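Asks: Got a structure here, written out as structure tokens. Questions coming.
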Amino acid sequence: MTDVAREADVSLKTVSRVVNGVSTVDPEMAARVRAAVARLGFRRNSMARDLRTRSTSATVGLLIEDLANPFYAGIAAAAAQCALENDTLLITASSEEDADRERRLLLQMCERRVDGLLVVPAGSTADHVYLRTEIEMGTPAVFLDRPPTNVRADTVLIDNAAGARSAIEHLTARGHERIGVLSDWLSIHPMSERLSAAEAALERAGAPYRPDLIRFGLHHVPDTEAAVEEMLTGPQPPTALFALNNRLTLGVLSALNRLGRDVAVVGFDDFETAGLMAYPLTVVSYDARAMGRIGAELLFERIGGDASRPRTVVIPTTLVEHSGAVRPAPPAPARD
């Protein structure tokens, strides 16, 4: 770092702040530091200062949000298989939707000289400028499920808008107008995309906009259960519910089972036990393993020297009916 500081005519502290992605550094100083880094071939890990001569470590890092979630388990399994086929070890960690934890873990992986990174960003609060130097110095990154912020890299996404739109159209085609929508934190990119698409589909269908039937910030099953109970005990309860991820769907089904209510349910994300539910359930399904496999394949292409422009791959969705068809809306009450 001393050589970089001398070359860029800045302090050691400034070099450290730029390398670690601190956003408050003067832009002109930061540009000088990055130019010096590129000229000198600096890496925080002293064993890898000269990237042109270093050997590969035969390891890649995977950072996901939740190791216990079946969605991420599918991604990890597919990525691990692809790594094995490339004689590479996959190191996996979870961010728990914490941007600071994400940054710490990814930089630790880089310090251990991984050959590349597969990253599910920790919500929209994560700024990936701290990875810019790592990517420029030869450690490629591929982002999964959510796009990166302030870096250009390959990305593999789900067609969230199409999936949410098909779910709402499925319900409105069966006569439902009062449709409750339950979302996780809107700082999570797929949630904001799905909610926006669901609201637009409701508007196109002529369903009345009901802010009281839109709930977000539901990150845990008990929060979802409480939101469902509150909706269903209101003066005009929904006849259908759309849960925007698998964890929310489980919370919805748990609440309906406890309350004994007859409500149509569509959930975004399929899961292994969805077909075993006694309650009729339709899901927006997609190939989560394809996301892991495609992401890993892109990463190994980059590790192998592919320097083409960053690509975005979109995984399509489809509706799958489990445990019977979606219930039609009940008949409207007779009017005098």
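The values are calculated or read from the model by the stated rules, or taken from the named source; none is laboratory data. Just so it is clear, the structure is predicted and the values come from calculations on it, not from any experiment. Virtual Cβ from ideal backbone geometry, glycine too; neighbours counted across all protein chains shown.
Asks: Consider only pairs whose beta carbons are under 6 Å apart and that are at least six residues apart or on different chains; among these, list those whose first residue lies in the range 310-328 and is of a type in the set (Lys, Arg) and whose second residue is at pLDDT 95 or above.
Replies: Filtered contacts from the range 310-328: Arg311/Asp154.
Asks: With respect to Met47, determine if the residue is exposed (fewer than 12 other Cβ atoms within 10 Å of the Cβ) and either at pLDDT 80 or above or in a helix (DSSP H, G or I) (or both).
Replies: Numbers: exposed (fewer than 12 other Cβ atoms within 10 Å of the Cβ): yes; either at pLDDT 80 or above or in a helix (DSSP H, G or I) (or both): yes.
Yes: the conditions hold for Met47.
Asks: Also, quick follow-up: If the requirement is being without any contact (Cβ under 8 Å) to a residue 24 or more places away in the chain, of a type outside the set (Gly, Ala, Ser), out of contact with any Leu (no Cβ under 6 Å at 6 or more places or on another chain) and not assigned by TED's automatic domain parsing to the domain that holds Glu97, which of these qualifies: Thr233, Thr249?
Replies: Criteria check complete, one pass: Thr233.
Asks: Given the options Val129, Val151, Val114, name the one that is touching a residue at least 40 places away in the same chain (Cβ under 8 Å) and either among the charged types (D, E, K, R) or under 20 Å from Thr312 (Cβ atoms) (or both). Can you show your working first?
Replies: On the way: Val151 fails: touching a residue at least 40 places away in the same chain (Cβ under 8 Å); Val114 fails: either among the charged types (D, E, K, R) or under 20 Å from Thr312 (Cβ atoms) (or both).
Every option except Val129 fails the conditions.
Asks: Continuing with the same structure: Return only the number of the condition from (1) more than 30 Å from Glu203 (Cα to Cα); (2) out of contact with any strand residue (DSSP E or B) (no Cβ under 7 Å at 6 or more places or on another chain); (3) of a type outside the set (Asp, Glu) that Leu63 does not satisfy.
Replies: Condition (2) is where Leu63 drops out.
Asks: Let me ask you something else. Please find, among Ile135, Ile168, the residue that is modelled with pLDDT of 95 or more and aliphatic (A, V, I, L, M).
Replies: Ile168
Asks: Tell me whether the range 310-327 contains one or more residues that are modelled with pLDDT under 90 and exposed (fewer than 14 other Cβ atoms within 10 Å of the Cβ). If you could, list the steps in order and put the result at the bottom.
Replies: Within the range 310-327, the first condition is being modelled with pLDDT under 90, and the residues that meet it are 321-327.
Restricting the remaining residues to those that are exposed (fewer than 14 other Cβ atoms within 10 Å of the Cβ) gives 324-325.
Within the range 310-327, one or more residues are modelled with pLDDT under 90 and exposed (fewer than 14 other Cβ atoms within 10 Å of the Cβ).
Asks: For the structure I just gave you, tell me whether Gly292 is closer than 21 Å to Ile158 by Cβ and modelled with pLDDT of 95 or more.
Replies: On the way: closer than 21 Å to Ile158 by Cβ: yes; modelled with pLDDT of 95 or more: yes.
In short, yes.
Asks: I've got another one for you. Taking Pro190 as the residue in question, decide whether it is surrounded by fewer than 24 Cβ atoms within 10 Å (Cβ to Cβ), in contact with a Gly (Cβ under 8 Å, 6 or more places away or on another chain) and assigned to a helix (DSSP H, G or I).
Replies: no
Asks: Has the range 151-171 got at least one residue that is assigned to a loop (DSSP other than H, G, I, E, B) and of a type in the set (A, V, I, L, M)? Even if it seems obvious, please write down each step before you answer.
Replies: Taking the range 151-171 and keeping what is assigned to a loop (DSSP other than H, G, I, E, B), we get 151-153, 159.
Pick out the ones that are also of a type in the set (A, V, I, L, M) and you get 151, 153.
The answer is yes, given that some residue of the range 151-171 is assigned to a loop (DSSP other than H, G, I, E, B) and of a type in the set (A, V, I, L, M).
Asks: Continuing with the same structure: Return yes or no: is Ile303 within 18 Å of the chain's Cα centre (by Cα), modelled with pLDDT of 90 or more and either within 27 Å of Gly251 (Cβ to Cβ) or surrounded by 13 or more Cβ atoms within 10 Å (Cβ to Cβ) (or both)?
Replies: no
Asks: Using the structure shown, decide if Leu62 is closer than 22 Å to Gly305 by Cα, modelled with pLDDT under 90 and not in a helix (DSSP H, G or I).
Replies: When the stated conditions are applied, Leu62 does not pass them.
Asks: Still on this structure, please answer the following. Going through Val129, Val142, Val119 one at a time, which residue ends up being over 20 Å from Leu248 (Cα atoms) and out of contact with any Ser or Thr (no Cβ under 8 Å at 6 or more places or on another chain)? Lay out the reasoning, then the answer.
Replies: Details: Val129 fails: out of contact with any Ser or Thr (no Cβ under 8 Å at 6 or more places or on another chain); Val142 fails: out of contact with any Ser or Thr (no Cβ under 8 Å at 6 or more places or on another chain).
From the options Val129, Val142, Val119, the qualifying one is Val119.
Asks: Checking Asp184 against (1) touching a strand residue (DSSP E or B) at 6+ places or on another chain (Cβ under 9 Å); (2) crowded, with 24+ Cβ neighbours inside 10 Å, which single condition isn't satisfied?
Replies: Only one criterion is unmet by Asp184, namely (1).
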